[in-house]
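These notes concern the structure reproduced below.
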Amino acid sequence: MKPIIVSGIKPSGVLHIGNYLGMIKQSVDLQESGKYSCLYFVADYHSLTTGYKPEEKSAEVMGIITDLLAAGLDPKKSILFVQSHILEHANLAWIFNTLTSMGQLERMVEYKEKVAEGQVPNAGLFDYPVLMAADILLYKARKVPVGEDQRQHLELARDIARTFNKKFGETFPEPEGVFTKALRVMSLSDPKKKMSKTMPAGCLYLTDSPKKIAEKIGAAVTDSQKEVGYDPKNRPGISNLVNIYAEFSDDTPAAVVKKFQGASYKEFKGAAAELVSEKLREIQERKSEIEKNKKEIMRIVGEGAESVRPVAQKTLAEVKNKIGLV
Ligand code: TRP
């Protein structure tokens, strides 16, 4: 049997290129490698931990599935499903709650950031990483493609696996993160911060038109130097653009810097906007095709749920048995 890969993505409205480069592109690459059984799901339960409107939720879930398919996830090669369709996720999370200390969760940077941003600190937001551990361990996943920002959460999943194994006997492999080579995609308007919808001017959405892309990249904060260079610490703005270019062209930042030796910032920004537009256009075209057939989308995730459910049920039964429930 091939090693199992699991990853989840939150349905939170329109995706930006940070989401795409962080997890989706890599998930597609792993699928194409043919070396793994890939399980990808929409983390709809996770998405309930931050403010939302119930009347928008189903469109968000459908939208993200469409985005994943448009970006190249192929239901013939990967399994695509919705988290809340598999009840065992929340069930296993409950058991893991009893193996996790308040201190472990209090250290989570993402939680602290969300609260600092003004999110209501509900118990689900605090507990978010435990549900994520359950998502991964339920399928005994070996590898987890995630963005760099999920490193700490993944570490917790490994801790929980270790704690469980020590207390109740060898059950879970310790899952390894697969992080994109690229550093985080930063905001175009404030390159010291992660690209985020909270700063729309610095955020490139997968739905942006070539004109919008050219405007946003054109207005991206750089520095007063003249040469395109790569030094994320001291020159975060231009380095972020080099990074984006490198990721979309499957090249290294060094190669991109070399390619644009002698070019002005303006020329480089123009080329970057063109490259990003071209890549996004492909995704947008596929998306508008897929969107037309909602029934087919539901069929795909229905089939996905059917194929993972037996695995989830088996693991939960094993866990309940090991911890002594009758
Ligand atoms: N927390 C992840 C993110 O924000 C999404 C996620 C939920 C996830 N469950 C997961 C990723 C399990 C990998 C594995 O990106």
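The values are calculated or read from the model by the stated rules, or taken from the named source; none is laboratory data. The structure displayed is predicted, hence computed values, not measured ones. Note that we place each Cβ from the backbone using ideal geometry, even for glycine, and neighbour counts take in every protein chain shown.
Please state which of the following conditions residue 65 fails to meet, knowing it meets all the rest: (1) in contact with a Cys (Cβ under 8 Å, 6 or more places away or on another chain); (2) buried (at least 21 other Cβ atoms within 10 Å of the Cβ).
With (1) in contact with a Cys (Cβ under 8 Å, 6 or more places away or on another chain); (2) buried (at least 21 other Cβ atoms within 10 Å of the Cβ) applied to residue 65, the lone miss is (1).
Over 30 Å from residue 315 (Cα atoms), among the aliphatic types (A, V, I, L, M) and more than 23 Å from the chain's Cα centre (by Cα) - does that describe any residue in the range 228-236? Spell out the reasoning first.
Start the filter on the range 228-236 by keeping residues that are over 30 Å from residue 315 (Cα atoms), which leaves 228-236.
Checking the rest, the ones that are also among the aliphatic types (A, V, I, L, M) come to 228.
Next cut, more than 23 Å from the chain's Cα centre (by Cα) only: 228.
So far as the range 228-236 goes, yes, one or more of its residues are over 30 Å from residue 315 (Cα atoms), among the aliphatic types (A, V, I, L, M) and more than 23 Å from the chain's Cα centre (by Cα).
Just to be sure before I move on: is residue 160 buried (at least 21 other Cβ atoms within 10 Å of the Cβ), over 20 Å from residue 41 (Cα atoms) and either at pLDDT 95 or above or within 12 Å of the ligand (Cβ to nearest atom) (or both) in the structure I sent? Break it down into steps so the answer makes sense when it comes.
Working: buried (at least 21 other Cβ atoms within 10 Å of the Cβ): yes; over 20 Å from residue 41 (Cα atoms): yes; either at pLDDT 95 or above or within 12 Å of the ligand (Cβ to nearest atom) (or both): yes.
Yes, satisfied.
Can you name every one of the helices (runs of 4 or more DSSP H) wholly within the range 1-94 that holds 3 or more residues which are among the small types (Gly, Ala, Ser) and away from the ligand (no atom under 15 Å from the Cβ)? Break it down into steps so the answer makes sense when it comes.
On the way: elements: 25-33, 44-47, 54-70.
The helices (runs of 4 or more DSSP H) meeting that bar are 54-70.
Can you name the residue in the range 130-152 that is within 6 Å of the ligand (Cβ to nearest atom) and more than 17 Å from residue 28 (Cα to Cα) and, of all such residues, is surrounded by the fewest Cβ atoms within 10 Å (Cβ to Cβ)?
150
Is it true that residue 210 is in contact (Cβ under 8 Å) with a residue 12 or more places away in the chain, closer than 20 Å to residue 248 by Cα, in contact with a Ser or Thr (Cβ under 9 Å, 6 or more places away or on another chain) and surrounded by fewer than 16 Cβ atoms within 10 Å (Cβ to Cβ)? Walk me through it before giving the result.
On the way: in contact (Cβ under 8 Å) with a residue 12 or more places away in the chain: yes; closer than 20 Å to residue 248 by Cα: yes; in contact with a Ser or Thr (Cβ under 9 Å, 6 or more places away or on another chain): yes; surrounded by fewer than 16 Cβ atoms within 10 Å (Cβ to Cβ): yes.
In short, yes.
Between 43, 70, which is under 21 Å from residue 160 (Cα atoms), under 18 Å from the mean Cα position of the chain (by Cα) and crowded, with 19+ Cβ neighbours inside 10 Å? Write out each step before concluding.
Values: 70 fails: under 21 Å from residue 160 (Cα atoms).
Of 43, 70, the one residue that is under 21 Å from residue 160 (Cα atoms), under 18 Å from the mean Cα position of the chain (by Cα) and crowded, with 19+ Cβ neighbours inside 10 Å is 43.
Pick out the one residue from 215, 174, 155 that is in a helix (DSSP H, G or I), assigned by TED's automatic domain parsing to the domain that holds residue 317 and acidic (Asp, Glu). Steps first, answer last, please.
On the way: 215 fails: assigned by TED's automatic domain parsing to the domain that holds residue 317; 174 fails: in a helix (DSSP H, G or I).
When all the criteria are applied, what remains is 155.
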